[in-house]
Amino acid sequence: MSKFFAFLLFIGFSCASVLPSDFAWGAATAAFQVEGAWNVSGRGPCIWDFFQDFPNRIYNNETAHVADDFYDRYPSDIKILQQLGIKNFRLSFSWTRLLPNGLVSNVNQAGVQFYNNLIDALLLAGIQPYVTLYHWDLPQAFNNLTAQSTWLDPDIVNKFNAYADFCFKTFGNKVKYWLTLNEIESIAWGGYGVGSAAPGRCSPSFGDWCQQVGGGGNSSTEPYLVAHNALLAHAAAVQTYRKNYQKTQKGKIGMTINSGFNLPWDSSDEDDYKAVQYSIAFQYGWFADPQVFGRYPTEMSELITGNRLPTFTPEQSALLKGSYDFLGLNYYASGYVHWTGIPGDNYQNDGRYTGSPYNKTGHLIGPFAESTWLNVYPPGLRMLLNWIKARYNDPDIYIFENGVSVPGENDMPEAQALNDTFRMNYIYNHVLNMVDAVVNDKVRVKGYFLWSLLDNFEWTQGFSIRFGITYVNYNQNLTRAIKNSAYLYQSLIGYLGTHH
Ligand code: LGS
């Protein structure tokens, strides 16, 4: 080959950017899991403050009263982001730090000040804030009315919309990326199906505690009602943003949806391929189909018996349709699914499939993380991105969470935990699969956020499960130490994010 061609190749490789030039590399957090400062400066109680106080709801009866004390330590945590070259940061607003009883008639100025300070510090450091309006910390004031006044109450749509409007008005000149809701499935099924999350409602057969903690529940119907109201709340907030703010503030808005990808349990059984399709429609499709098509997935309306799956009125459907500037994805794990064909009576079995980390021949899909539900399967990310591209006509996609808990990490001495090769492998292989999806499959992925910047309060697992690329020492004044996975991420950003 002539030198000339070699030169051209060199230019081609060194100048072509692998990822879009505006690609966002980030790290994610959520208010309740990191902030602490639960009862200072006027913050009102949320449903997780209440829920975590019930005995044996949380590992070791731990609480997030202090958590990572991000409330006071955000300036040094921002320095970690800067040091690692992470230029995008996903945080959530605590609804009750801004509006202690949840209503806009009662604004907590100290809360407004806190988020203004945080956002200003991020911007000054050259870091773009991505703000989730709701990451599971509903005002306890609503729950105090009746347990049905939470996401089960159709009026939650107006309350959330007013809160969202307040946030756009107050912070929208600085915040350019909004996420309405984090993982509606987790809210609906965790909070109202199995009852493992606040407000802790479920049918008696799912656990006695629900009658005590959540004041009852019905796992067959409530998750679908809750998801329905949450979708309508999302649509209302997006409409408010578009009508009153987007033109002047020039930001973008969407939500983020958790989903794995699945493989057939028996690869020679056609029904198990059907189970694959249905299982993803039941997870990602439950929330993306309404945004894109204005209705629930046909897979769901086909299988869910009775009239348990609500329907949208023509007005609601019109409002939902197109209510996104991007689709968000939280991806962690995948599994095998097997078609049972047996009609179910709740979200767990309505899809008529069962899931397992093992296939028919006993093959494990991928290593277990510390979290029991998390089997590492990086190709699933690429497959899911392609599924989303195909089903939703090539949307812009952000991966808003991807991360892992390392087996045994919480029992290791700090020095050993910092050498988190398991997490390094996880990140490296997921990023490569994402890059393949972008470069080879032309999926429009616009950003990738690691869960999480910090070890933090992992809901029912308390502090026993660590997802951070930064170690937080809970026995020693919450000191931070950067893990090797963070340095790997730094070099991946440097290498893949370089544009000429
Ligand atoms: O910390 C949460 C991370 C960790 O794992 C974050 O707040 C959430 O947005 C997100 O849900 N996260 C997460 N997700 C996987 C949840 C799977 C739960 C499966 C439970 C089966 C019993």
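Points worth noting:
- Pick from the stretch 446-457, criterion out of contact with any helix residue (DSSP H, G or I) (no Cβ under 7 Å at 6 or more places or on another chain) and either farther than 19 Å from Pro75 by Cα or without any contact (Cβ under 8 Å) to a residue 24 or more places away in the chain (or both), ranking: surrounded by the most Cβ atoms within 10 Å (Cβ to Cβ): Phe449
- With respect to the conditions (1) within 30 Å of Ala198 (Cβ to Cβ); (2) of a type in the set (Gly, Ala, Ser); (3) buried (at least 20 other Cβ atoms within 10 Å of the Cβ), Ala437 falls short on a single one, namely (1).
- If the condition is being in contact with a helix residue (DSSP H, G or I) (Cβ under 6 Å, 6 or more places away or on another chain) and assigned to a helix (DSSP H, G or I), then the stretch 188-217 contributes Ala188, Trp189, Tyr192.
- Whichever residue in the stretch 205-243 is closer than 29 Å to Val292 by Cβ and of a type in the set (Gly, Ala, Ser) and, among such residues, is farthest from the chain's Cα centre (by Cα): Ser220
- Filtered by the rule that a residue be over 18 Å from Glu183 (Cα atoms) and open to solvent by 10 Å² or more (accessible area, probe 1.4 Å), the stretch 281-294 gives a lone residue, Phe293.
- Count of the stretch 140-152 residues which are outside any loop (DSSP other than H, G, I, E, B) and either modelled with pLDDT of 95 or more or small (Gly, Ala, Ser) (or both): 5
- Looking across the stretch 45-66, the residues that are in contact with a strand residue (DSSP E or B) (Cβ under 9 Å, 6 or more places away or on another chain) and buried (at least 22 other Cβ atoms within 10 Å of the Cβ) come down to Cys46, Ile47.
- One residue from Leu98, Leu123 being surrounded by 19 or more Cβ atoms within 10 Å (Cβ to Cβ), in contact (Cβ under 8 Å) with a residue 40 or more places away in the chain, within 27 Å of Phe326 (Cα to Cα) and away from the ligand (no atom under 16 Å from the Cβ): Leu98
- Number of the exception - Asn410 against (1) within 17 Å of the chain's Cα centre (by Cα); (2) surrounded by fewer than 20 Cβ atoms within 10 Å (Cβ to Cβ); (3) within 15 Å of the ligand (Cβ to nearest atom): (1)
- Residues of the stretch 448-464 classified as in a loop (DSSP other than H, G, I, E, B), farther than 24 Å from Trp25 by Cβ and either under 18 Å from the mean Cα position of the chain (by Cα) or near the ligand (Cβ under 8 Å from one of its atoms) (or both), total: 2
- When the test is whether a residue is at pLDDT 95 or above and either within 16 Å of the ligand (Cβ to nearest atom) or open to solvent by 50 Å² or more (accessible area, probe 1.4 Å) (or both), Asn359 does not pass it.
- Contacts under 7 angstrom Cβ, first residue in the stretch 406-424 being farther than 14 Å from Ala369 by Cβ, partner small (Gly, Ala, Ser), 6 or more apart: Glu414/Ala481; Leu418/Ala481
- Cβ-Cβ contacts under 8 Å between residues 6 or more apart (or on different chains), taken from a first residue in the stretch 145-170 that is touching a residue at least 60 places away in the same chain (Cβ under 8 Å) to a second residue that is open to solvent by less than 40 Å² (accessible area, probe 1.4 Å) and acidic (Asp, Glu), are listed as Leu152/Glu222.
- Evaluation of Ala198 against (1) away from the ligand (no atom under 14 Å from the Cβ); (2) surrounded by 24 or more Cβ atoms within 10 Å (Cβ to Cβ) (one fails), failing number: (1)
- Selection of the stretch 126-165 for residues being crowded, with 20+ Cβ neighbours inside 10 Å, farther than 27 Å from Gly195 by Cα and out of contact with any helix residue (DSSP H, G or I) (no Cβ under 8 Å at 6 or more places or on another chain) yields only Tyr130.
- Qualifying residue in the stretch 388-398 (condition: open to solvent by less than 50 Å² (accessible area, probe 1.4 Å), modelled with pLDDT of 95 or more, more than 16 Å from the ligand (Cβ to nearest atom) and more than 25 Å from Gln283 (Cα to Cα)): no
The values are calculated or read from the model by the stated rules, or taken from the named source; none is laboratory data. Since we're looking at a predicted model, the values are computed, not measured. Backbone-built Cβ (ideal geometry, glycine too); neighbour counts: all protein chains shown. In case anyone asks, the SASA skips ligands and DNA or RNA and just uses the protein heavy atoms, side chains included. Shrake-Rupley method; radii C 1.70, N 1.55, O 1.52, S 1.80 Å.
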